[in-house]
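Have a look at the structure below, then the notes.
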Amino acid sequence: MPSMRQSYTVTVPEEPPSPLIPFGKQQDARRKSPPVSRSMLVSTFVGLLINQAKNNNKSPHGLVGLRNLGNTCFMNSILQCLSNTPELRDYCMRNTHRTDLSSSCKAKAALMDEFAKLTRTLWTSVNNEAISPSDFKTQIQRYAPKFVGYNQQDAQEFLRSLLDGLHNEVNRVAARPQVSLEDFDQLSDDEKGRRMWNKYLERDDSKVVELFVGQLKSMLTCNHCGFCSTVFDPFWDLSLPIAQSSSREEEEEEEEVTLSDCLRLFTKEEVLDGEERPTCQRCKARRKCTKKFTIQKFPQILVLHLKRFSDREVKTCSKLSTRVDFPLKDLDLRDFASSESSLNSAVYHLYAVSNHSGNTLGGHYTAYCRNPSLGEWYRYDDSRVNPMASSQVCSSDAYVLFYERANASDDDDDDTLCNLL
């Protein structure tokens with residue numbers, strides 16, 4: 001991605017829909033009117049889907065676009081992905097966040113209030129006309145000044161800042177205790193991980209944490225004495241390096257790897273030697289070590305960031321356009337689990353993707369989301385929302401993937417939404 005100081009404009013033209021032609025005048029219309037436009041066909045198709053959903057007692061809510069305020073496609077893409085996160089949506093629809101605030105924080109929750117308001121508007125709008133996220137943008141700029149102005153920004157960085165801001169405002173911990181150092185080395189790894197997780201919740205406990213935060217296990221093994229130390233850290237998303245194919249039949253052929261390839265590369269044992277050698281706790285000296293990651297605790301919502309961009313601070317920043325093949329259903333992560341106790345929560349279903357098209361000099365963000373009420377996929381391109389086939393979801397533009405744990409049942413999602421509306 002380009003440096004954050006660089007700005008560029010992306011213009012997405014809006015094509016007005018053609019008027020529908022009464023059936024009785026179709027013959028005359030064929031002689032007088034130009035061929036049916038693509039936008040008319042899409043509009044008609046959306047209408048058919050909505051009518052079909054109504055006949056099936058399913059709600060067509062949530063198919064509302066967001067206006068581009070000037071290079072804000074990165075923001076719109078992430079907002080649509082979060083809006084289609086069922087539990088987060090319901091949290092906003094019920095205004096439950098207000099009860100999570102202490103009396104001293106209620107006047108300061110401007111970001112969460114605007115996010116909840118925007119989400120409710122997306123899901124209660126009756127005319128499906130695009131809405132402006134300008135009030136929300138005002139609040140995210142106050143929380144994270146780097147998003148002031150109208151420069152193109154990175155969607156994953158925006159997501160991290162937004163979730164951090166929402167969490168801080170609805171953190172149920174009124175007075176965060178000081179960090180205390182305890183010796184857990186005599187405990188089993190599973191017990192140590194559990195204790196470390198509980199200590200994390202003593203300072204950070206919110207609905208946002210319940211949904212998005214998991215726990216990584218890092219194992220550091222000294223090559224000299226064999227001593228192995230383990231560290232457990234919370235994570236909000238996983239940034240995965242994109243594995244590179246070892247052979248290509250033709251140079252022009254599009255390179256493709258799997259998401260499992262990227263996960264294996266992320267969890268691959270790494271040798272730390274030279275300047276990065278750590279100090280062994282047993283040897284009391286800097287030693288050559290090996291480091292390996294596994295997942296100790298799987299979050300309900302797993303966010304996977306595909307590292308397509310090189311260092312953004314370097315002028316020669318480049319983008320990897322490798323197609324990463326990822327499953328829409330049954331992403332099985334049991335091979336990457338630390339503990340047998342977490343195996344039952346290691347299977348996920350995809351429900352949203354934030355995409356980046358273009359290159360580091362100019363690009364555009366869109367979102368592909370599976371509507372939790374209709375069960376169908378839609379393409380959110382700023383103010384435009386169009387149905388799409390599930391076979392189109394996986395593309396070389398995929399940048400941030402949103403997965404929901406498979407045992408997080410959504411069977412009664414329609415009833416929940418109807419009650420909220």
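The values are calculated or read from the model by the stated rules, or taken from the named source; none is laboratory data. Keep in mind that this is a model prediction, so the values were computed, not measured. Positions of Cβ are generated from backbone atoms using ideal geometry, with glycine treated the same way; all protein chains shown enter the neighbour counts. Areas reflect the complete protein model, heavy atoms only, side chains present, ligands, DNA and RNA absent. Shrake-Rupley method; radii C 1.70, N 1.55, O 1.52, S 1.80 Å.
Annotations
- Residue check for ALA109: under 30 Å from ASP381 (Cβ atoms), small (Gly, Ala, Ser) and surrounded by 15 or more Cβ atoms within 10 Å (Cβ to Cβ): no
- In the range 270-314, the residues that are closer than 16 Å to ALA337 by Cα and either open to solvent by 10 Å² or more (accessible area, probe 1.4 Å) or among the charged types (D, E, K, R) (or both): LYS291, LYS292, PHE293, THR294, GLN296, LYS297, GLN300
- Candidate set from the range 378-394 (those that are under 21 Å from LEU306 (Cα atoms) and in contact with a Ser or Thr (Cβ under 9 Å, 6 or more places away or on another chain)); member that is surrounded by the most Cβ atoms within 10 Å (Cβ to Cβ): TYR380
- Residue list for the range 124-138, filter: in contact with a Leu (Cβ under 7 Å, 6 or more places away or on another chain), more than 15 Å from ASN71 (Cβ to Cβ), at pLDDT 95 or above and in a helix (DSSP H, G or I): PHE136
- Qualifying residue in the range 261-269 (condition: modelled with pLDDT of 85 or more, over 29 Å from the mean Cα position of the chain (by Cα) and open to solvent by less than 30 Å² (accessible area, probe 1.4 Å)): no
- The C-beta contact set for the range 163-180 (first residue more than 20 Å from THR85 (Cβ to Cβ), second residue surrounded by 14 or more Cβ atoms within 10 Å (Cβ to Cβ) and of a type in the set (S, T, N, Q), distance under 9 angstrom, 6+ apart or interchain) comprises VAL173/SER206.
- If you filter the range 167-184 down to residues that are open to solvent by 90 Å² or more (accessible area, probe 1.4 Å) and farther than 12 Å from ASP100 by Cβ, you find that the one that is modelled with the lowest pLDDT is LEU181.
- Annotation: ASP135 fulfils all but one of (1) open to solvent by 50 Å² or more (accessible area, probe 1.4 Å); (2) in contact (Cβ under 8 Å) with a residue 24 or more places away in the chain; the unmet one is (2).
- Residues that are part of a loop (DSSP other than H, G, I, E, B), more than 14 Å from PRO372 (Cα to Cα), open to solvent by 10 Å² or more (accessible area, probe 1.4 Å) and modelled with pLDDT of 50 or more within the range 49-70 comprise ARG67, ASN68, LEU69, GLY70, listed in sequence order.
- Residue selected from the range 397-418 under the condition open to solvent by 30 Å² or more (accessible area, probe 1.4 Å) and at pLDDT 60 or above, by the criterion farthest from PRO241 (Cα to Cα): ASN407
- Count - residues of the range 71-94 that are aliphatic (A, V, I, L, M) and either without any contact (Cβ under 8 Å) to a residue 60 or more places away in the chain or open to solvent by 10 Å² or more (accessible area, probe 1.4 Å) (or both): 2
- Residue within the range 121-129 that is open to solvent by 50 Å² or more (accessible area, probe 1.4 Å) and aromatic (Phe, Trp, Tyr) present: no
- Residue check for SER321: open to solvent by 50 Å² or more (accessible area, probe 1.4 Å) and in a helix (DSSP H, G or I): no
- Count - residues of the range 190-232 that are open to solvent by 50 Å² or more (accessible area, probe 1.4 Å), more than 25 Å from PRO177 (Cα to Cα) and part of a strand (DSSP E or B): 1
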